[in-house]
Structures are given as structure tokens and as C-alpha cells.
1. Looking only at the range 178-210, filter to residues that are within 13 Å of PHE53 (Cβ to Cβ) and without any contact (Cβ under 8 Å) to a residue 40 or more places away in the chain; which one of those is least open to solvent (accessible area, probe 1.4 Å)?
2. Inside the range 52-72, can you point out the residues that are outside any loop (DSSP other than H, G, I, E, B) and either open to solvent by 10 Å² or more (accessible area, probe 1.4 Å) or among the acidic types (Asp, Glu) (or both)?
3. Could you say whether any residue in the range 27-41 is within 20 Å of ALA188 (Cα to Cα) and assigned to a helix (DSSP H, G or I)?
4. Criterion first (of a type outside the set (Val, Ile, Thr), in a helix (DSSP H, G or I) and open to solvent by 40 Å² or more (accessible area, probe 1.4 Å)) does MET175 satisfy it?
5. Can you report the number of residues in the range 73-103 which are open to solvent by less than 10 Å² (accessible area, probe 1.4 Å) and not in a helix (DSSP H, G or I)?
6. For residues that are open to solvent by less than 20 Å² (accessible area, probe 1.4 Å) and among the small types (Gly, Ala, Ser), scanning just the range 109-137, find the one that is farthest from PHE30 (Cα to Cα).
7. Of the conditions (1) under 22 Å from ALA69 (Cα atoms); (2) at pLDDT below 90, LEU125 clears all except one; give me its number.
8. Only one residue in ILE31, ILE94 is closer than 16 Å to LEU202 by Cβ and of a type in the set (A, V, I, L, M, F, W, C). Which one?
Amino acid sequence: MFSPLLFAHGVEAGDATFIEQASGAQLLPFIYLGAKHMVTGYDHLLFLAGVIFFLYRMKDVGIYVTLFAVGHSVTLLYGVLSETNVNAYMVDAIIGFSVVYKALDNLGAFRRWFGFQPNTKAAVLIFGFFHGFGLATKLQDFTLSEDGLVANILAFNVGVEIGQLMALGIILIAMNFWRRTDVFPRQALAANVLLMSAGFMLMGYQLTGLYTVS
């Protein structure tokens, strides 16, 4: 019942047809597709929600979101343009793990378990690389025309950033209202447990696909 949802951000049939048939620079359509892909990519959005969960200053939000954007932009462009193929199930399982990691980080688990706090900025950048490969695998499912390929992939990446900013704006507005309530300190724990559970669910689905789909 949940498998279509757990597949996260697949490409709709109409969009897939356009991508397959597109030839030459199609900047606006690919910007739209990139934005749509990110807005519907709730595995990415869950990770971002975890990243900004306890960030109260816009400067900090900007730093972490920029690190994530740099990470996934590099591997998205590199993966598609260099035709570097990675196993989509494995990459998506790591993306699910990134959600689990960030939830545990928010809960202070690493400090309690291991006595130290991992570098949060480095973690966001590294997981950004994997999120970028996750985006690249979706495009690599299609036969992309060489005519206008670089321009279209750059446009797609711009669209991803636009979609990320749109979704992030909505998340930040909701988070700011929530943080002003008296129940936020109590609900923050439960929210991160739910976030971790969602990450484990995504991991489990992708690992099942890895070992059952040839």
C-alpha cells in the first residue's frame, strides 16, 4: 500500500515523455521539472527539515542550506554529465539514512553515545553529495539528447534550487509558528523520533528493492 509513497520522487509519465523527447536547449521546462522534482522529493525535504529544526538565526539556516545545495549540485551535474552510474536503491537508502542521522543528531544521541559531537556542517555537505546522486539517478533512467544536454541539466539544477527555496520557505514559516508555542520543547522530541522513523522506513524500502530487484 505504501510502496508508491516510499518511492519518493519518481518522474510522472508526462514529464518522462518530455524528457525523453526533448532536443536542444529547453531551459524553462527543465527549470520547472527541477523545481517540481524537489518539491515532491520529500526524502530531501525531510532531511532539510531536520537540518533547520534547531536553527533559529537566518545566517545559520543560510550556511547549512548553502552547504547542502553545493553538495547536491556538484554530484547531480557530475553524475549526469559524466554518465557515472550508481545503484539508485543504494543511494536512496543512504538518503534515508541521512534523515535518520540528522534526527539522531537533533536528539543529541551522538554526544551521549560516543561522547563527542560530529561536525554538523561536514555531515550536511557529505549527505548533500549523496542527495545529488539520488537526483542524478532519476535523470539517468532516461535517454537524454546530447543536443542541449549541458544547458538543460544546468536549468534542471537551477529548478531544483528554486524548488528547495520554495519548500524551505514554507517549512521555516511553519517552524517559526510552532517554536513560539509552549508545547514545542515537549513536541520536539516526538517530532525527531517520527523523523527518524520515516528515515528508517525509507531505508528499509530501498534496501528491500536493492536485494529483490535485479
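The values are calculated or read from the model by the stated rules, or taken from the named source; none is laboratory data. None of these values were measured; they are calculated from a predicted model. Ideal geometry is used to build each Cβ from the backbone, glycine not excepted, and the neighbour counts take in all protein chains shown. Each accessible area value is taken on the protein alone, full model and side chains, heavy atoms only, with ligands, DNA and RNA left out. Shrake-Rupley method; radii C 1.70, N 1.55, O 1.52, S 1.80 Å.
1. Looking at the filtered set, the residue picked out is PHE184.
2. Our first condition is that a residue be outside any loop (DSSP other than H, G, I, E, B); within the range 52-72, this holds for 52, 58-72.
Result: MET58, LYS59, ASP60, GLY62, ILE63, TYR64, VAL65, THR66, LEU67, ALA69, VAL70.
3. Looking through the range 27-41, none of the residues is within 20 Å of ALA188 (Cα to Cα) and assigned to a helix (DSSP H, G or I).
4. no
5. So the count comes out to 0.
6. ALA109
7. If we test LEU125 against (1) under 22 Å from ALA69 (Cα atoms); (2) at pLDDT below 90, just (2) comes out false.
8. Selected residue: ILE94, the only one of ILE31, ILE94 that is closer than 16 Å to LEU202 by Cβ and of a type in the set (A, V, I, L, M, F, W, C).
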